Amino acid sequence: MRHALQFSFVTSLNVFIDGTWLLNQLAGGRSLANATDRPDSRFFLDFTKLNAALIRHLAAHGHGCNTVGELAISTSVFSLPADFDSWPSRYPGITPSQLEKMKRAVYARDQLIREAVEGGYSEAGVYRPPLREWILRKVVKGDYQEKQVDTTVVALLVRSAVTRPSDFHTVITGDSDILPAVSTAYPQFTKNVFVTTTHPDELRAEHRQTAYSLIDFAFTIPPFYMQNKENAEQIIRGTHVHRCQECGRVFTTGSPIPPRQRARCVKCRPTAPKRRT
């Protein structure tokens, strides 16, 4: 008697991150931080948790997915020259405060990359151009624009979708210009590609416009909105993660909350009355 051959198909989720956009959204006062009890502080993203949350998102919409596949982050980080500290004395108009601001920006991007790599992401799409004096002046004026990051994210996504059409793919971005480029190279992308971004109801007007542009395509899989409180709760770093039962904001604690105690964030916890002296 012949036994029927059984084939096990492994379907993976491939994730491609616009790191420049993501870093901006993680900053205090931006979309992800606003979902927590500390909106003025940075949102600490757990990339491993993010991967798991995205797979659960697929399952919630009827798509089986076994594991993560290709994981890549793309951004650019300036390489500071050895004589960087001497620039204020060499170049008129360049100040020490501008140098310190640039150093903090470089450190923040390097930290994000390290955290992504710890979560399994490749940094092959990270560019480290040398910082030039004219570039710093453009950055200070707000005129400097990154070009290679967008094209890299599109190239990685399209290559993954074309070579692995049975897989699922997501791009983490807020750049609405990415999808038209993807649709040109991979017209059937709406079937197995979805967007991970900020919600159209985000308070900032530019977020609403970009988010609506991103979801204007007829995706089979709906977008994953990272700052939705139920999603932010899944992807924030921390062992003990809670959602405040008063205001709904996400927060973390160093130890578990006792079973009989309500989960309240710092702002919603009742303050003990002052003792009379």
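The values are calculated or read from the model by the stated rules, or taken from the named source; none is laboratory data. As the structure is a prediction and not an experimental result, all values here were calculated from the model. No Cβ is skipped: glycine too gets one built from the backbone with ideal geometry, and neighbour counts run over all protein chains shown.
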Just to be sure I understand, how many residues within region 211-247 are modelled with pLDDT of 90 or more and of a type in the set (G, A, S)? 2
For region 219-236, which residues satisfy the criterion of being within 13 Å of the chain's Cα centre (by Cα) and either assigned to a loop (DSSP other than H, G, I, E, B) or under 11 Å from H61 (Cβ atoms) (or both)? F224, M226, Q227
Which residue is nearest to the chain's Cα centre (by Cα), if the candidates are limited to region 92-130 and must be farther than 21 Å from V153 by Cα, among the polar types (S, T, N, Q) and surrounded by fewer than 14 Cβ atoms within 10 Å (Cβ to Cβ)? S97
In region 131-143, the residues that are part of a loop (DSSP other than H, G, I, E, B) and surrounded by 13 or more Cβ atoms within 10 Å (Cβ to Cβ): L131
Leading residue by the ranking (surrounded by the most Cβ atoms within 10 Å (Cβ to Cβ)) among those in region 34-75 that are without any contact (Cβ under 8 Å) to a residue 60 or more places away in the chain and either in contact with an Asp or Glu (Cβ under 7 Å, 6 or more places away or on another chain) or under 28 Å from R128 (Cβ atoms) (or both): I73
